[in-house]
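See below for the structure under consideration.
The values are calculated or read from the model by the stated rules, or taken from the named source; none is laboratory data. Since we're looking at a predicted model, the values are computed, not measured. Ideal geometry is used to build each Cβ from the backbone, glycine not excepted, and the neighbour counts take in all protein chains shown.
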């Protein structure tokens, strides 16, 4: 995993991403792992019920999109995104 420079100076990024997801998807439980710009995210939520996988993933990406913008974005890549229905 290579390091990607970021000007992100907010709270712990792993906790921040987890809290963003959990606060915007009702009843979600999120696990966020990684570093150096590359992350693995797993989200379990009842809100995914009946939705196709692509829509579930779009829900998550929609929440973190601002953290993925620009050359110095704190999230360079989500190497693996797993969504499950609670």
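For the residues 80, 84, the requirement of being under 12 Å from the mean Cα position of the chain (by Cα) and under 13 Å from residue 31 (Cβ atoms) singles out 80.
Among the conditions (1) touching a strand residue (DSSP E or B) at 6+ places or on another chain (Cβ under 8 Å); (2) modelled with pLDDT of 95 or more, the only one that residue 76 does not satisfy is (2).
Residues in region 69-86 that are out of contact with any helix residue (DSSP H, G or I) (no Cβ under 6 Å at 6 or more places or on another chain), surrounded by fewer than 13 Cβ atoms within 10 Å (Cβ to Cβ) and assigned to a loop (DSSP other than H, G, I, E, B): 69, 70, 71, 72. Of all residues in region 25-36, those satisfying the criterion of being over 17 Å from residue 68 (Cβ atoms) and surrounded by 16 or more Cβ atoms within 10 Å (Cβ to Cβ) are 25, 28. Figure legend. Inter-residue proximity from region 56-78: first residues at negative phi and without any contact (Cβ under 8 Å) to a residue 40 or more places away in the chain, second residues exposed (fewer than 15 other Cβ atoms within 10 Å of the Cβ) and part of a helix (DSSP H, G or I), beta-carbon distance below 7 Å, spacing 6+ or different chains. No pairs are indicated. Within region 37-55, if we keep just the residues that are touching a residue at least 40 places away in the same chain (Cβ under 8 Å) and part of a loop (DSSP other than H, G, I, E, B), the residue that is surrounded by the fewest Cβ atoms within 10 Å (Cβ to Cβ) turns out to be 37. For residue 9, the conditions (1) out of contact with any helix residue (DSSP H, G or I) (no Cβ under 7 Å at 6 or more places or on another chain); (2) at pLDDT below 95; (3) surrounded by 11 or more Cβ atoms within 10 Å (Cβ to Cβ) are fulfilled apart from (3).
Just to be sure before I move on: is residue 66 part of a helix (DSSP H, G or I) and at pLDDT below 95 in the structure I sent? Considered against the rule, which asks whether it is part of a helix (DSSP H, G or I) and at pLDDT below 95, residue 66 comes out as yes.
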